[in-house]
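Take a look at the structure below.
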Amino acid sequence: MLAASEKRPVRTGSGRETLDKPMTRAQARRWGDRHMPADLKAAGFETIIFASDPIINGGTFFRVNYGKKC
């Protein structure tokens, strides 16, 4: 189980772009909310934070994604 205070590197985009400092899940969500493209925000998208699994994803990190709930 992931602790709320656990800090991990944060990746953005589809590549391996990593932000400067590790963040908690809540900090990563706030970063994603602040940096969401205006067209996605206008279309009703929201920030979704993916927590990686070292075995499946080859590392431990958070990834900022944007999606829409159905």
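What follows draws every value from the coordinates through simple rules; no lab data is involved. Computed from a prediction, not measured in an experiment: that's the story for all the values here. With ideal geometry, Cβ positions are generated from the backbone for all residues, glycine too; neighbour counts draw on all protein chains shown.
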Find, among the GluC sites (Glu not before Pro) in the stretch 1-62, those assigned to loop by DSSP (not H, G, I, E, B) with at most 16 other beta-carbon atoms within 10 angstrom.
-> E6
C-alpha long axis of helix 25-35 to longest principal axis of the chain, angle in ° | 30
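Out of the chain, which chymotrypsin sites (Phe, Trp or Tyr not before Pro) are coil in DSSP terms and have no more than 16 other C-beta atoms within 10 Å? Present the calculation step by step, with values, prior to reporting the outcome.
Working: sites: W31, F45, F50, F61, F62, Y66; in loops: F45, F61.
Passing sites in the chain are F45.
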Projected area of the stretch 10-67, taken from the Cα convex hull and averaged over every viewing direction, in nm²?
-> 4.0
For n ≥ 4 DSSP H runs only, could you compute -39500 (n - 2.57) per run for the chain, divide by its residues and tell me the 222 nm figure to the nearest 500?
-> -7000 deg cm²/dmol
Calc'd 3J(HN,Hα), the stretch 53-63, phi into Karplus 6.51 cos²θ - 1.76 cosθ + 1.60 (θ = phi - 60°), Hz, glycine/Pro = x, comes to 10, x, 6, 7, 9, x, x, 10, 7, 9, 10
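Work out, step by step, the length gained on full extension between R34 and A3: first 0.36 nm times the residue separation, then minus their alpha carbon distance; give nm to one decimal.
Details: separation 31, 0.36 × 31 = 11.16 nm, distance 2.35 nm.
Extending this stretch completely gives an extra 8.8 nm.
Give, rounded to the nearest 20 debye, the magnitude of the charge dipole that the stretch 10-67 has about its Cα centre when Lys and Arg contribute +1 at Cβ and Asp and Glu contribute -1 at Cβ.
Numbers: 9 positive and 6 negative charges, 31 e Å.
Here the stretch 10-67 has a charge dipole of around 140 debye.
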